[in-house]
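Trainee: Dumping the structure here so I can ask a few things about it.
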Amino acid sequence: MELKKIYKIGRIGISLTLIFLVSCNAQKTVSLKEKQVSDKVYPLLDTENSRWFYFSSASRPFGMVNLNPDTEIKGDWGGGYKYTTDTVKGFSHVHEWQMSGVSVMPVTVSAENKSNIFKDFYSKFSHQNEIITPGYHSIKLDRYQIKAELTSTLRVGFHKYTFPAKAQKAVLFNLNTILGPCENTNGKLEKNNDYELSGSLVLSTNFRRPKPLTVFFKVKTKQPIASIERDVETGNYLINFNEKATEVLMKVGISYTSIENANSNIEIELPHWDFNKTVKDSRKEWSDLLGRIKIEGGTETDQRRFYTDLWHALQGRKMISDANGSYPDNTGDTFKVGHLPLNPDGRPKFNHYNSDAFWGAQWTISNLWGLVYPEIMEEFVYSLMQYYKDGGIIPRGPSGGNDTYVMTGASATPFIVSAIQKGIVKDDLEAIYIALKKNHMPGGIMEKAGYEHNTNIGGGLKYYLEKGYVPYPLPEGNFGSHEDGASQTLEYAYQDWTLAQLAKKLDHKEDYDYFIKRSKNYKNVFDQSIGWMRPKNVQGKWRENYDPYQYENGFIESNGAQSTWFVPHDIEGLANLMGGKEKAIMKLNQQFETAKKQNYTSGTSHDAELHPEFSRIPVNFGNQPSMQTSNIFTLLGRPDLTQYWTRNVVKTTFSGLSPATGYNGDEDQGLMGSLNVLLKIGLFQMNGGADKEAVYQIGSPIFNKISIALNPKYYSGKTFVIKANNNSSENVYIKDIKFNQKAVPNFSLSHQEITNGGELILQMSDQSNLEKH
């Protein structure tokens, strides 16, 4: 597509033409010429709907350091880099689930501002003078006329500041401040020598993370430090430079265990001062990962949006372990430093991770990572098990070395079982099973509602085991968030089914029978008289004056209409409750017809779901509970409707490139990005890949050709290729389907078939084989 024909985007009118030219500019700035896959990423996507961990420009995949400018520093939601705010308030190194830290700001000191520089140091900027590509961010601070360039390794932020020639150069360390989801307190900084500083700060507790955490950091500069000043009132520090050169280079290594390990992270990962090399290395690392999926066809915007989605799938969920394997263990009564197991070469066998919930992971990262990035999925399983070894429980959303109990249920179970069924995790399966089973029994994580730190009542597991459902409301009262009994029942039933699959694999017949029986509990909250899932109270009476379109009326971040379809492990059983497949198809199809009027989402942001009008949508692709629904049709024998509605959802809701929109809801650290990738390549696992064959349903890809490079350490095949012949925006239906020249029954392929490699050929048409739509 010609650049002149690309539409302007966003309310401020930045155009894709500009963004593209700016990307090219970035290559010149850092002495890069060769175009790579990462150049297609549009980092500004949805940045008007900012969230603290959402945007992370100068970072490596899953890196501990997530360095970027902050334009809003107060609050988890709306914090971090927000496109519509024109003021830089610092460059901070930690943008993570319930964590923040080490904010710095280059400044010029003059007679006019010297007396107030510790309080008044923010600077306006313009997007016109900003360059962003994965692994690199450049921005001009208008107030000081400083050009700030940022990049990083996994654990080290690398800064390059170009100051005005005659200015007094300094860097302010804003160590005692509200920053994102928590306060940074007790900030300390000391000068070790003319080129080194050491410091620390404490992340205060909050509603979600009830234990404090110390962030240690080491600073190294290429130019000598003239002096260090501390402001008594703010507790912050100013680092002055007297170097005549206009350029200042600074490394900031962080650690959650010690200053020594922060220094070690620098020595191991960034021993040199070649800023351009670091940018180049970061760019290559991103391109190597993004390039595992190669696409042909579609518009330039389609391709850019696709790689932006994939970038999001790989930029959430950050590591907390040092390069030498040390990590913060906050699972006990007292904090301690843990040490990961090492390989014979002395390197850690895996990294340890911070993570938002795995709630919804069965339809997102479980599918995507398991196929394209199995090494990442394996690491996360080992990390989750490390939490179990330390604290006796597999978490569902750990932060700061301990679980936050975010959301509900045992959401890590489907993720781990999927990794096992796909052959990614092969060792210690019995120990893993024991750990998973613990979470599904009294004393386990299913007993806890969201952020329920000190009690074990809000999950309603007692009633789930006794009565086969979690009552709503819970008679004992409120003990945590999301005490929505109908949703909890549906969630537990699915997770029980996934655990049953592992029990079967390991020949635990009694356990298999027990958990399979529990997996049928979804039937206990389906009211056949009205055809909807419906909350019950503790006496077993259906909720009176029930409205299936009322938001969070016994359902978590959804309404009854959306969550009625949350039975990923038994779609056929659900259809039978509805009166058979034909009635189920008609019901779901009508929900999509209605949802189409609202573009399939509850507004364009997560908080819009609470809007009285937006919240009544029967299908919402802006949040996890119903984002699988378009793929249900395939399992009901109508793959044509999956093809039709999925392509409609993608085209209407997930195709633009704009700061104003993108995921139209809750992008929980890569979940929505992963979903978009899967919908656009036409691969989906309804049950999360937890069945023995780990089956994928085949959908309608938006590209003409998709080539997935398979990791040879895990899979025997070299590539899996999807060719969609005669594909177009109108030709959404699959007229014929063959894999390695053989017919494909039921529009499904097993994980092993796909990872053995081969070619899936789809003949596309504008007419359904089953029924004209």
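Trainee: Grab the other residues whose beta carbon is less than 12 angstrom from that of Ala165, score K and R as +1, D and E as -1, and report the net.
Mentor: That sum, taken over residues with Cβ under 12 Å, equals +1.
Trainee: A further question on this structure: Obtain the radius of gyration and the Kirkwood radius of the stretch 638-723 from its C-alpha atoms and give Rg over Rh.
Mentor: Result: Rg/Rh = 0.99.
Trainee: Hey, can you rank 453-462, 398-407 by average C-beta count inside 10 Å, highest first?
Mentor: Packing order, densest peptide first, comes out as 398-407, 453-462.
Trainee: Can you give me the Kirkwood hydrodynamic radius for the stretch 90-223, using every pair of distinct Cα atoms, in Å to one decimal?
Mentor: 16.1
Trainee: May I ask for the distance between the Cα centers of the stretch 702-734 and the stretch 105-165, given as a whole number of Å?
Mentor: Using only Cα atoms, the two centres lie 43 Å from each other.
Trainee: So if I place +1 on the C-beta of Lys and Arg and -1 on the C-beta of Asp and Glu, and nothing else carries charge, what would the dipole magnitude of the chain be about its Cα centre? I want it in debye, nearest 20. Present the calculation step by step, with values, prior to reporting the outcome.
Mentor: Numbers: 86 positive and 84 negative charges, 289 e Å.
Magnitude of the dipole: close to 1400 debye.
Trainee: Same structure, new question: Based on the mean of other beta carbon atoms within 10 Å per residue, what is the order of 548-557, 191-200, most packed first?
Mentor: My ranking of the peptides, most packed first, is 548-557, 191-200.
Trainee: Between rounded, prolate and oblate, where does the stretch 191-248 land on the alpha carbon gyration tensor, with a ≥ b ≥ c its root eigenvalues, rounded for a/c under 1.5, else prolate if a/b exceeds b/c?
Mentor: Prolate, since a/c reaches 1.5 and a/b exceeds b/c.
Trainee: Projecting each Cα onto the charge dipole of the stretch 294-765 (Lys/Arg +1, Asp/Glu -1 at the beta carbon, about the Cα centre), which of Gly757, Ile295, Ile734 comes out farthest on the positive side?
Mentor: After comparing all options, I get Ile734.
Trainee: For the chain, take the convex hull of the Cα atoms, compute a quarter of its surface area, and give me that in nm², please.
Mentor: Numbers: hull surface 126.8 nm².
Orientation-averaged projected area of the Cα hull: 31.7 nm².
Trainee: Run the Debye formula on the Cα coordinates of the stretch 32-275, all scatterers equal and no solvent, and tell me log10 I(q)/I(0) at q = 0.07 1/Å.
Mentor: Calculated log10 I(q)/I(0) at the listed q: -0.20.
Trainee: Given a Förster distance of 56 angstrom, what is the FRET efficiency for Glu693 paired with Tyr549, based on the Cβ-Cβ distance and rounded to 0.05?
Mentor: Calculated transfer efficiency: 0.95.
Trainee: State, as an integer percentage, the relative contact order of the stretch 43-116 based on alpha-carbon contacts under 8 Å between residues 6 or more apart.
Mentor: 27
Trainee: Something else now. Just subtract the alpha-carbon distance of Lys705 and Thr85 from 0.36 nm times their residue separation and send over the number in nm, one decimal.
Mentor: Between Lys705 and Thr85, full extension yields 219.3 nm more.
Trainee: Let me ask something else. Rounding to the nearest 10 and keeping the result within 0 to 90°, find how far the Cα-based axis of helix 429-439 lies from the longest principal axis of the chain.
Mentor: 90
Trainee: Continuing with the same structure: Angle check, please: helix 485-505 long axis (alpha carbons) against the longest principal axis of the chain (alpha carbons), in degrees 0 to 90, nearest 10.
Mentor: Around 80 degrees separate the two axes.
Trainee: Contact order normalised by length for the chain, with contacts defined as Cα pairs under 8 Å and 6 or more residues apart; what percent is it?
Mentor: Here the relative contact order equals 11 percent.
Trainee: On C-alpha positions alone, give me the angle between the axis of helix 259-269 and the longest principal axis of the chain, in degrees, nearest 10.
Mentor: Between the helix axis and the principal axis of the chain, the angle is about 80 degrees.
Trainee: If you take the charge dipole of the chain about its Cα centre, with +1 on Lys and Arg Cβ and -1 on Asp and Glu Cβ, which of Ala500, Asn620, Ile556 is farthest toward its positive end?
Mentor: So the residue we want is Asn620.
Trainee: Using a ≥ b ≥ c from the Cα gyration tensor of the stretch 573-719 (square roots of the eigenvalues), is it rounded, prolate or oblate, where a/c under 1.5 gives rounded and otherwise the larger of a/b and b/c decides, a/b for prolate?
Mentor: Oblate is the answer for the stretch 573-719, as a/c is 1.5 or above yet b/c matches or exceeds a/b.
Trainee: Based on the Cβ-Cβ distance of Thr719 and Ala111, what FRET efficiency does E = 1/(1 + (r/R0)^6) give at R0 = 51 Å, to the nearest 0.05?
Mentor: 0.20
Trainee: Roughly how many debye, to the nearest 20, is the charge dipole of the stretch 70-110 about its Cα centre, given +1 on each Lys and Arg Cβ, -1 on each Asp and Glu Cβ, and no other charges? Can you show the working numbers first?
Mentor: Numbers: 3 positive and 5 negative charges, 18 e Å.
Charge dipole of the stretch 70-110: 80 debye, to the nearest 20.
Trainee: Another question, if that's okay. Take Thr278, Thr564, Thr85 and order them by how many other Cβ atoms sit within 10 Å, fewest up front.
Mentor: Ascending Cβ contact count within 10 Å gives the list Thr85, Thr278, Thr564.
Trainee: Okay, moving on. Which of rounded, prolate, oblate describes the stretch 90-159, given a ≥ b ≥ c as roots of the alpha-carbon gyration tensor eigenvalues and a/c under 1.5 marking rounded, otherwise prolate only if a/b is larger than b/c?
Mentor: Cα axes put the stretch 90-159 in the oblate bin.
Trainee: Right, here's the next one. Of Ile434, Gly401, His352, which is farthest on the positive side of the dipole of the chain, counting Cα position, with +1 on Lys and Arg Cβ, -1 on Asp and Glu Cβ, and the Cα centre as origin?
Mentor: Checking the options against the dipole of the chain, the answer is His352.
Trainee: Would you please put 342-348, 43-49, 208-214, 230-236 in order of how densely packed they are, using the mean number of other Cβ atoms within 10 angstrom per residue and starting with the highest? Kindly include the intermediate steps, with their values, before the conclusion.
Mentor: Values: 342-348: 10.4, 43-49: 24.3, 208-214: 19.9, 230-236: 14.4.
With the highest mean Cβ count within 10 Å placed first, the list reads 43-49, 208-214, 230-236, 342-348.
Trainee: Turning to a different aspect of this structure: About its Cα centre, how strong a charge dipole does the stretch 32-275 have in debye, to the nearest 20, once Lys and Arg get +1 and Asp and Glu get -1 at the Cβ?
Mentor: Details: 29 positive and 27 negative charges, 14 e Å.
So the magnitude is around 60 debye.
Trainee: Efficiency by 1/(1 + (r/R0)^6): what FRET value for Leu465 and Arg143, r their Cβ-Cβ distance, R0 = 56 Å, to the nearest 0.05?
Mentor: Efficiency, from the Cβ-Cβ distance: 0.35.
Trainee: Here's a follow-up. Calculate the length of the line joining the C-alpha centroid of the stretch 338-369 to that of the stretch 618-636, in whole Å.
Mentor: 28
Trainee: From the P(r) of the stretch 502-656, could you give the percentage of C-alpha pairs in the tail past 27 Å?
Mentor: Numbers: 3361 of 11935 pairs.
Above the 27 Å cut-off, the stretch 502-656 has 28 percent of its Cα pairs.
Trainee: Could you tell me how far the Cα centroid of the stretch 428-473 sits from the Cα centroid of the stretch 220-290, in Å?
Mentor: A separation of 44 Å, based on Cα centres.
Trainee: Hey, another quick one. Once fully extended, how much extra length lies between Asp345 and Gln168, figured as 0.36 nm per residue of separation less the alpha-carbon to alpha-carbon distance? List each step's numbers first, then the result.
Mentor: Details: separation 177, 0.36 × 177 = 63.72 nm, distance 4.68 nm.
Going from the current span to full extension adds 59.0 nm.
Trainee: Quick one: length gained pulling Ser227 to Trp542 fully straight, 0.36 nm per residue minus the C-alpha distance?
Mentor: Length difference between fully extended and current span is 106.3 nm.
Trainee: With both partners inside the chain, how many of the DSSP beta bridges are antiparallel, as a percent to the nearest 5? Display every interim value, and only then the final one.
Mentor: Details: 111 of 118 bridges.
Beta bridges within the chain, antiparallel portion: roughly 95 percent.
Values quoted throughout were computed directly from the atomic coordinates according to the rules given, and no laboratory measurement underlies them. Remember, it's a predicted structure, so these values are computed and weren't measured experimentally. Note that we place each Cβ from the backbone using ideal geometry, even for glycine, and neighbour counts take in every protein chain shown.
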